[in-house]
1. Identify, by number, the condition in (1) assigned by TED's automatic domain parsing to the domain that holds R17; (2) more than 28 Å from A39 (Cα to Cα); (3) of a type in the set (A, V, I, L, M, F, W, C); (4) surrounded by fewer than 19 Cβ atoms within 10 Å (Cβ to Cβ) that V95 doesn't meet.
2. Could you list all residues from segment 115-158 that are farther than 20 Å from E216 by Cα and among the basic types (K, R)?
3. Somewhere in segment 78-96, is a residue in contact (Cβ under 8 Å) with a residue 24 or more places away in the chain, among the charged types (D, E, K, R) and over 16 Å from I151 (Cβ atoms)?
4. I need the helices (runs of 4 or more DSSP H) fully contained in segment 2-92, keeping only those with at least 3 residues that are surrounded by fewer than 19 Cβ atoms within 10 Å (Cβ to Cβ) and in the same structural domain as F146 (by TED's automatic domain parsing).
5. Testing Q28 on (1) at pLDDT 95 or above; (2) more than 17 Å from G98 (Cβ to Cβ), one condition comes back false. Which one is that?
6. What single numbered condition from (1) touching a residue at least 12 places away in the same chain (Cβ under 8 Å); (2) in a loop (DSSP other than H, G, I, E, B) fails to hold for K215?
7. Residue under question is L16, and the condition is that it be of a type in the set (A, V, I, L, M) and touching a helix residue (DSSP H, G or I) at 6+ places or on another chain (Cβ under 6 Å); does it hold?
8. Quick one: what pairs do we get from segment 168-185, first residue within 17 Å of G198 (Cα to Cα), second of a type in the set (A, V, I, L, M, F, W, C) and exposed (fewer than 12 other Cβ atoms within 10 Å of the Cβ), C-beta under 7 Å, 6+ apart or different chains?
Amino acid sequence: MSMQRDKELTELEKKLRISFLNKQLLNQSLTHSSFANEANIPDNERLEFLGDAVIKLVISEYVYNRFPERPEGDLTKIRATVISDDTLAKVASRVHLGEALLLSENEKKTGGNKRKSNVANAFESLVGAIYLDGGLGKARDFLIEFLRLEIDKVSREGYIKDYKSALQEYVQKKKWVLPVYKVLNEQGPKHQKQFVIGVKIKGCIMGEGKGMNKKEAEQKAAEEALKKLQEEEKVPSPIKGILQKVKKSIWI
């Protein structure tokens, strides 16, 4: 690691209010696959996998204790909104985490350091690195400090951005078979892949969504499906039957 990079990471540690015993872990957590492929070094994707699990555990534990009166469904919605790419990218942007990402020149030119999926993934990777460097307690303290305000905001305002959960609840109330999600298409190189995902309900593809990762695409597909279903409730029954036949399609 160069002296300049070491200096950059030290400045980032100050912003994060955390200190790494193994600064190489911090550096790897901020190494995008586009840069890693060119430099032949490990990228941050394995750390992202680990960090995602740590975040879910910590936030689940926190909201469980923080809201003893809330039912399981509410806790699930709060957690889903707090750990969404939107929220993680927002809190990560406050400390300019994207600016510390190691990216290929091409990824930089296309705005990779500001891309929501990159920044959110980097935050998850960072949490994975913190966990390996200092254990669950250190990761928990970091996450609660950064996400407490977001948790309280979501719980007060009651807005839900977890369209997958909202769609599932809608379907369950109707006593239909649960929605099925499937990747319809993948485009672009590995480090900048875009997914197209469809959601099928009662034999119909009710929504499609595009995103830089599967979670984002599934949320968009669920959002579209939920809007269509809610609009159909306002349509007279004879017309509704015709629409169902038109939408009917084979999903191979």
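The values are calculated or read from the model by the stated rules, or taken from the named source; none is laboratory data. These figures come from a predicted structure and were not determined experimentally. All Cβ positions, glycine included, derive from the backbone under ideal geometry; neighbour counts span all protein chains shown.
1. Only one criterion is unmet by V95, namely (2).
2. Passing the criteria: K138, R140, R148, K153, R156.
3. Yes, some residue in segment 78-96 is in contact (Cβ under 8 Å) with a residue 24 or more places away in the chain, among the charged types (D, E, K, R) and over 16 Å from I151 (Cβ atoms).
4. 3-16, 33-39, 45-66, 72-82
5. (2)
6. Only one criterion in (1) touching a residue at least 12 places away in the same chain (Cβ under 8 Å); (2) in a loop (DSSP other than H, G, I, E, B) is unmet by K215, namely (2).
7. Values: of a type in the set (A, V, I, L, M): yes; touching a helix residue (DSSP H, G or I) at 6+ places or on another chain (Cβ under 6 Å): no.
No; evaluated as a whole, the condition is false for this residue.
8. Final answer for the pair search is Q168/L178; V171/L178; K182/W251.
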